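Colleague: Got a structure for you, questions after.
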Amino acid sequence: MRILAVCGMGIGTSVLLKANAEKAVRELGLDAEVEVADIGTARGAAATAGLVLTSGELAAELGDVDIPVVVVANFMDAEEIRRAIAEGTGR
């Protein structure tokens with residue numbers, strides 16, 4: 001499974017989100033890769049992903065995609081990110 005960590009530019013906060021999401025993936029025992037994306041490319045990248053993690057503002061901007069989009073309020077909160085991934089993957 002591919003998980004997209006999405007921020008506005010794809011180079012700042014999404015890298016932090018990616019690092020915390022990778023830790024959560026390991027803790028949950030998921031076979032998943034976490035990739036970063038900016039909001040401009042996220043919609044197209046979502047076509048081959050299984051889950052999107054992003055902020056509330058960007059989730060609204062992303063619009064309707066055919067995969068779960070889970071909002072993370074604090075990209076530094078490892079426990080919140082673990083819960084978000086668990087929710088988005090049904091774990």
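Colleague: Can you list residues from other chains, or at least 5 along the same chain, whose modelled amide H is less than 5 Å from the amide H of V72?
Modeller: The answer is T54, S55, G56.
Colleague: Fully extended, how many nm does the chain gain between L28 and E87 (0.36 nm per residue separation, minus their Cα-Cα distance)?
Modeller: Difference between extended and current length: 20.1 nm.
Colleague: Per residue of the stretch 19-29, in order, report the coupling 6.51 cos²θ - 1.76 cosθ + 1.60 (Karplus, θ = phi - 60°) as ³J(HN,Hα) in whole Hz, putting x for Gly and Pro.
Modeller: 4, 5, 5, 4, 4, 5, 4, 4, 4, 7, x
Colleague: I need the phi-derived Karplus couplings for the stretch 76-91: 6.51 cos²θ - 1.76 cosθ + 1.60, θ = phi - 60°, integer Hz, Gly and Pro marked x.
Modeller: Karplus-based 3J(HN,Hα) across the stretch 76-91 equals 9, 8, 4, 5, 4, 5, 4, 4, 5, 5, 4, 5, x, 9, x, 8 Hz.
Colleague: Taking θ = phi - 60°, what integer Hz values does the Karplus form 6.51 cos²θ - 1.76 cosθ + 1.60 yield along the stretch 31-38, in sequence order, with x for Gly and Pro?
Modeller: 8, 8, 10, 9, 10, 9, 8, 8
Colleague: What is the packing order of peptides 36-44, 22-30, 51-59, taking the mean over residues of other C-beta atoms within 10 Å and listing the highest first?
Modeller: Highest mean packing first, the order is 51-59, 36-44, 22-30.
Colleague: Further, regarding this structure: For D77, list long-range residues whose amide hydrogen, built 1.01 Å from N in the peptide plane, is under 5 Å from its own amide hydrogen.
Modeller: none
Colleague: For D38 paired with A73, estimate the spin-label separation in nm (one decimal), with each label point 7 Å from Cα along the Cα-to-Cβ line.
Modeller: That separation, rounded to one decimal, is 2.9 nm.
Rule-based calculations on the coordinates, nothing more; no lab input. Just so we're clear, the structure is a prediction, and the values are computed from it rather than from any experiment. Here the Cβ is made from the backbone with ideal geometry for all residues, glycine too, and neighbour counts use every protein chain on show.
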